[in-house]
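To keep things clear, I will list the structure first and then write my remarks on it.
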Amino acid sequence: MITARTLLAGVVGDPVRHSLSPVIHNAWIQAARLDGVYLALPATAESFPSLVRGLAAGAAQGVNVTIPFKQEAAALADVRSAAVERAGAANLLVFRDGQVRADNTDGAGLLAALGQAGFNPFSPVVVLGAGGAARGAVLALLDAGVPSIRLINRSLERARAIAAPHGRISALGWDEARQALDGVAAVINATSLGMTGQPALELDLDRAPATAVVMDMVYRPLETPLLRAAKARGNPVADGLSMLIAQARPSFEAMFGRPPPAEVDVRALCEQVLGSDR
Ligand code: NAP
């Protein structure tokens, strides 16, 4: 029941109607018997700052932020976590005492998803892409102690800009992707390639070790052609939904002041929604 005491949280983005975050958070809210609701909140470049400021003025607990507002979310915050300062991007804004506090739980989500698939950070990692998701991913991987990152992107200058401040990242073009797989602990797709409606991701995995974890941040479709190819050759895989759920856990705790209940199978609920999309 929605009451006068119902707590509000949500996810802000453009587009945002496809987001699975409301499915995840509302299932946790219900299982925890909280008087709360989590909504998808569409914004535009013009409306984003005023929407956030309005919500922060006592209307909401906080919001997650998705494409394309993660950098702007970091910029407009009053207080930034160390992860936000370094990544220059925030996927979580918590509202307390009229202040906007920015955090980034994407890196923790990525490492949790990789960990579930048996990733160990003792060998180089290939990251495909140099957008916001890749930027967060490389920082989390460096913090986890990977010896080096081979960052592959269509626009080489974007990859070089990410690599420049770090000694352990090399920027490469797609023509070098196949040989970059030699001896890696993981291959991570942080581009939108392979997503429904986007061009396919064409990468021959033949040079990747059989132990390399192959991860795709894309979760529509849940089993991307990259993950299908990896499974066919016996590699362990991690899908985009496992990362999405893992980044949502600390977000829920920050917004509602308690960890999400463990007993609810949010993955099954999301799979149901993804299945009904087809
Ligand atoms: P973004 O900032 O727009 O970056 C997009 C990346 O994809 C860039 O590296 C871009 O290369 C590359 N790309 C796009 N079209 C391409 C093409 N035709 N050929 C080659 N490369 C292409 O987006 P983002 O925020 O980083 O997100 C990237 C993906 O990660 C999205 O699919 C997003 O949904 C997913 N994601 C998932 C999670 C999760 O929890 N599962 C979290 C965050 C993001 P250029 O630099 O050359 O343009």
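The values are calculated or read from the model by the stated rules, or taken from the named source; none is laboratory data. Everything numeric in this text was worked out from a predicted model, so none of it was measured. Every residue, glycine as well, gets a Cβ built from its backbone with ideal geometry; the counts of neighbours run over all protein chains shown.
One table, with the values for the structure above:
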read-out: Qualifying residue in the range 237-247 (condition: over 22 Å from Ser19 (Cα atoms) and touching a helix residue (DSSP H, G or I) at 6+ places or on another chain (Cβ under 9 Å)); value: yes
read-out: Total residues in the range 183-231, condition among the aliphatic types (A, V, I, L, M) and within 16 Å of the chain's Cα centre (by Cα); value: 10
read-out: Any helices (runs of 4 or more DSSP H) falling wholly within the range 1-120 and containing at least 2 residues that are in contact with a Phe, Trp or Tyr (Cβ under 7 Å, 6 or more places away or on another chain) and surrounded by 15 or more Cβ atoms within 10 Å (Cβ to Cβ); value: 21-31
read-out: Among residues of the range 248-272, those that are part of a helix (DSSP H, G or I), touching a helix residue (DSSP H, G or I) at 6+ places or on another chain (Cβ under 9 Å) and loosely packed, with under 14 Cβ neighbours inside 10 Å, counted; value: 1
read-out: Residue count, the range 38-88 (criterion: closer than 20 Å to Val138 by Cβ and among the charged types (D, E, K, R)); value: 4
read-out: Enumerated helices (runs of 4 or more DSSP H) restricted to the range 131-198, each holding at least 2 residues that are away from the ligand (no atom under 13 Å from the Cβ); value: 132-144, 177-180
read-out: Members of the range 199-246 that are touching a residue at least 24 places away in the same chain (Cβ under 8 Å), away from the ligand (no atom under 12 Å from the Cβ) and among the charged types (D, E, K, R); value: Asp204, Asp206, Arg207, Arg233
read-out: Residue in the range 60-73 that is more than 11 Å from the ligand (Cβ to nearest atom), more than 21 Å from Ser19 (Cα to Cα) and of a type in the set (A, V, I, L, M) present; value: no
read-out: Residue match in the range 258-277 (condition: more than 17 Å from the chain's Cα centre (by Cα), of a type in the set (D, E, K, R) and within 27 Å of Val100 (Cβ to Cβ)); value: yes
read-out: Filter pass, Ser123 being of a type in the set (S, T, N, Q), at pLDDT 95 or above and closer than 17 Å to Arg150 by Cα; value: yes
